[in-house]
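Below you'll find the structure, written out as structure tokens, and then a few comments.
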Amino acid sequence: MRNLLKVDGVGKNYGVFQALKNVSFSVDQGKTFAIIGPNGAGKTTLFKVMTGEVMGSSGRIFLAGEDITKTPADERVHLGLGRTFQIVRVFPELTLMDNLIVAIEARNRSRRSAGGWLRIKPNSSVLDEAFVRLGYLGLEHKHAAQARHLALGDRKRLELALTLAMDPMILMLDEPTAGMSPSERVAIIELIQKTREELGVTILLTEHDMDFVFRLSHSLMVMNHGETVFVGTPEEVKASELVQQIYLGKE
Ligand code: ATP
């Protein structure tokens, strides 16, 4: 089993406040790894340090063996670190199809970045790919709708489609079910599973919904006060008294 992502002793200080303290974990290729913990535990900060949105104060990060600790955020995307809801944006005035075309063209441009040219009209292979990608997320029948008219669940699907258009090795999802109805949650869980199983994309996520996390993850890291409290399988996390005390608030 190949180690795809390795976070080694990462810390992040905001002034004198230590938002992250010596956080270490690794994620195996093809698995789903979740980061959980109470509000303010440091999950979002850790995500930001991993994506390069903010730089860590200490420690190192490796993606597929390459040290990306100092690599800028946009380069990390091109190296295979995909993040929904952050780096790839939905353009609300554009149709779903045009949103996909923008993402695919951006990926293609970055692949031949020396040229740096912009096509006025997408060629047929880009159109075909956009349609296939919309179909994969179950959105093909809405291809002509403006993104601003989408319900939250469909908007998340579109964001996922846009991120997947970058062909990530690892997909980082920050609270993917936030604000969703129970049926939308089920649909997103199925979609994430399908992405992992069929496309082989490794998944890293944060989430407050424990049912969701336990159903989806192979292993989890529990954080509290910027520190790693526990790393284990869902069964091990559920059975841990320490986790119950700290995270679930049980005595
Ligand atoms: P939640 O589940 O509520 O999103 P979280 O686990 O994602 O919480 P973070 O958002 O990472 O937690 O915040 C961790 C701590 O770092 C909090 O105490 C927060 O106030 C602090 N923090 C985050 N960003 C900054 C910043 N830019 N400046 C100062 N403190 C910050």
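The values are calculated or read from the model by the stated rules, or taken from the named source; none is laboratory data. All of these numbers come straight from a predicted model, not from anything done at the bench. As a convention, Cβ positions derive from the backbone with ideal geometry for all residues, glycine included, and neighbour counts pool all protein chains shown. Heavy atoms of the whole protein, side chains included, go into the accessibility calculation; ligands, DNA and RNA do not. Shrake-Rupley method; radii C 1.70, N 1.55, O 1.52, S 1.80 Å.
Averaged per residue, the chain has 47 square angstrom of accessible surface, using a 1.4 angstrom probe with ligands and nucleic acids left out. Note on VAL132/LYS31: beta-carbon distance plugged into 1/(1 + (r/R0)^6) with R0 of 35 Å gives a FRET efficiency of 0.85. Have a look at PRO176, PHE47, HIS78 and report the one farthest towards the positive end of the charge dipole of the chain, computed about the Cα centre with Cβ charges (Lys/Arg +1, Asp/Glu -1). Farthest towards the positive pole: HIS78. Averaging Cα coordinates gives a centre for the range 180-213 and one for the range 38-108; these two points are 18 Å apart. A cut-off of 5 Å between modelled amide H atoms, ignoring neighbours fewer than 5 places along the same chain, links VAL229 with VAL222, MET223, ASN224.
Note on the range 154-209: semi-axes of the ellipsoid equivalent to its C-alpha gyration tensor, largest first and rounded to whole Å, are 18, 12, 11.
Taking the chain as a Gaussian network of alpha-carbon nodes connected by springs under 10 Å, the highest mean-square fluctuation of the residues VAL229, VAL126, VAL16 belongs to VAL16.
Short-range pairs are left out: with C-alpha atoms under 8 Å and at least six residues apart, the relative contact order of the range 149-251 is 20 percent.
Each residue of the range 47-58 is assigned a 3J(HN,Hα), and the resulting list reads 4, 5, 5, 5, 7, x, 5, 10, 8, x, 8, 7 Hz, derived from the Karplus form 6.51 cos²θ - 1.76 cosθ + 1.60 (θ = phi - 60°), x at Gly and Pro. Kirkwood analysis of the Cα pair distances in the range 164-246 returns a hydrodynamic radius of 13.9 Å. Our analysis of the chain gives Rg over Rh at 0.98, with the two radii drawn from alpha carbon positions and Rh computed by the Kirkwood formula.
State the extension gain, in nm to one decimal, for the chain segment bounded by SER110 and GLU66, taking 0.36 nm per residue of separation less the distance between their alpha-carbons. Walk me through the intermediate numbers first.
Values: separation 44, 0.36 × 44 = 15.84 nm, distance 1.93 nm.
Additional length available on full extension: 13.9 nm.
Full extension of the chain between VAL54 and ASN3 gives 16.0 nm of extra length, using 0.36 nm per residue less the Cα-Cα distance. Label separation (GLU140 vs ALA178): 3.2 nm, computed from points 7 Å beyond Cα along the C-beta direction.
Residue-wise HN-Hα couplings along the range 148-156, as the Karplus relation 6.51 cos²θ - 1.76 cosθ + 1.60 with θ = phi - 60° gives them from phi, are 5, 8, 6, 6, 3, x, 5, 5, 5 Hz; Gly and Pro carry x. The H on the amide N of THR32, modeled in the peptide plane, is under 5 Å from the matching H of ILE203, HIS218, SER219, each at least 5 residues off or on a different chain. The magnitude of the dipole of the range 166-251, with charges of +1 and -1 set on the Cβ of Lys/Arg and Asp/Glu and taken from the Cα centre, is near 80 debye. Apolar share of the accessible surface for the chain: 51 percent from carbon plus sulfur atoms, 1.4 Å probe.
Working note: Karplus 6.51/-1.76/1.60 with θ = phi - 60° gives the range 61-68 the couplings 10, 10, 10, 6, x, 8, 6, 10 Hz, where Gly and Pro are set to x.
Counting residues in the range 1-103 as N, plug N into 2.2 N^0.38 Å and put the Cα Rg over that result. Don't skip to the end; give the middle numbers.
On the way: Rg = 15.3 Å, N = 103, 2.2 N^0.38 = 12.8 Å.
In units of the globular-protein estimate, the range 1-103 measures up at 1.20.
Rounded to the nearest 5, what % of the DSSP beta bridges within the chain are antiparallel ones? Write out the running numbers ahead of the final one.
On the way: 21 of 37 bridges.
Expressed as a percentage, antiparallel bridges in the chain total about 55.
Running a GNM on the chain with Cα contacts under 10 Å, which residue among SER24, SER124, SER58 ends up with the highest mean-square fluctuation? Fluctuation is largest for SER124.
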